[in-house]
Each structure stands twice: as structure tokens, then as C-alpha cells.
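The values are calculated or read from the model by the stated rules, or taken from the named source; none is laboratory data. Being a predicted model, the structure only gives us computed values, none of them experimental. A quick note on method: Cβ atoms are made from the backbone with ideal geometry, for glycine too, and the neighbour counts reach across all protein chains shown.
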Amino acid sequence: MTETTYAVTGMTCEHCARSVTEEVTKISGVTKVDVDLAGGAVTVTSENGVDDAEVRAAVDEAGYAVAS
């Protein structure tokens, strides 16, 4: 298992967390998504790692942005 944490901007509520979780979970190999609203972080657990570009695209689809 691989765990990667991303800084995500714009999340303020549980709806935000659900939206990001729903989109990131669609990425092949992702087994778990944890959203820390207070810290503005999303931790992605996957079988063999995920492509950062896929995570960025999923977060973007949810309406938020991965910080550079």
C-alpha cells in the first residue's frame, strides 16, 4: 500500500469532503481517501501508488485544486 497526501484548496465543509472523496475514489487502485478539512489535506491510499495528474484531475472535477 502507498499513501500520499495532497494540499487541497477551497474545501470548507463536509459536502466538499464528500465531493473530493467521491471523485478521487474513482481512480483505479485507490483503496481509501481521507479528507482533513481543517488542515486542507487529502490523503490517498492506493495499491501501487497513483499518478499525481490523475489526483489533480479528480480534485479539479470536484471543484477544488491541489496546491502546487
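Reported count of residues in the stretch 36-68, each being surrounded by fewer than 17 Cβ atoms within 10 Å (Cβ to Cβ) and assigned to a loop (DSSP other than H, G, I, E, B), is 11. Beta carbons closer than 9 Å, at least 6 apart along the sequence or on distinct chains, pair a first residue in the stretch 25-43 that is modelled with pLDDT of 95 or more with a second that is basic (Lys, Arg) for Thr25/Lys32; Val35/Arg18; Thr43/Lys32.
Residues in the stretch 16-37 that are of a type in the set (Val, Ile, Thr) and under 9 Å from the mean Cα position of the chain (by Cα): Val20, Thr21, Val24, Thr25, Val33, Val35. Of the residues making up the stretch 2-43, those that are touching a Lys or Arg at 6+ places or on another chain (Cβ under 9 Å) and over 10 Å from Val59 (Cβ atoms) are Glu3, Thr25, Val35, Thr43.
For the stretch 1-25, enumerate the residues that are in a loop (DSSP other than H, G, I, E, B) and surrounded by fewer than 12 Cβ atoms within 10 Å (Cβ to Cβ). Hits for the stretch 1-25 are Met1, Thr12, Cys13.
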